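Just below is one structure, and these are the notes that go with it.
Just so it is clear, none of the values below were taken in a lab; they were calculated from the coordinates. Here the structure is a predicted model, which means the values were calculated and not measured. Positions of Cβ are generated from backbone atoms using ideal geometry, with glycine treated the same way; all protein chains shown enter the neighbour counts.
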Amino acid sequence: QVQLVESGGGLVQPGGSLRLSCAASGFTFSSYLMSWYRQAPGKEREFVAYITQTGGFTNYADSVKGRFTISRDNAKNTVYLQMSSLKPGDTAVYYCNVKVSLENYWGQGTQVTVSS
C-alpha cells in the first residue's frame, strides 16, 4: 500500500533553514508528481510546492517562492523540501502528498516551528 513518511522537522530560529524528507513506498515513485502541503494551527491545509516525475518542472506557492526548493531522488524514492529564510509564518505541520489512481495519499506530517 502507498506509504509516505516525512522527517526533518523541528524548531528553528527566524532566518534559519531546514530540509524535510519524504520517503515513499508502495507505488512506482518515479511515475508520479509529488507535492508538499502545510497546515498551520487553525488554518486549512495549503499547497506549498510540487515537482514533476523527472524533476524537470517545479511549482511553488507565492508565499514560499525564492525561499523553498523542492527536489527528488527517484533512486531513493524520496522527495525533499529545502527551506531557507524561514519566517514565523512558516510554522506548520508539513505533509507529503501523492495522487495515485485518483486517490490522495498523505504522510503523517512533520512539525516545523519557526520561533526565537
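Using equal-weight Cα scatterers in the Debye expression, the normalised intensity of the range 28-74 in log10 at q = 0.23 Å⁻¹ is -0.81.
The mean sequence distance of close C-alpha pairs (under 8 Å, at least 6 residues apart), as a share of the length of the range 16-96, puts its relative contact order at 40 percent. Checking every one of the GluC sites (Glu not before Pro) in the range 1-82 against DSSP loop status and a limit of 14 other Cβ atoms within 10 Å picks out E44. Packing-based ranking of 53-62, 73-82 yields 73-82, 53-62, ordered from highest to lowest mean Cβ neighbour count within 10 Å.
Beta bridges per DSSP, both residues in the chain: antiparallel share near 90 percent.
Only Lys, Arg, Asp and Glu carry charge here, each on its Cβ (+1 for the first two, -1 for the last two); on that basis the chain has a dipole of about 160 debye about its Cα centre.
Summing charges over all other residues whose Cβ lies under 14 Å from the Cβ of S85, with Lys and Arg as +1 and Asp and Glu as -1, gives +3.
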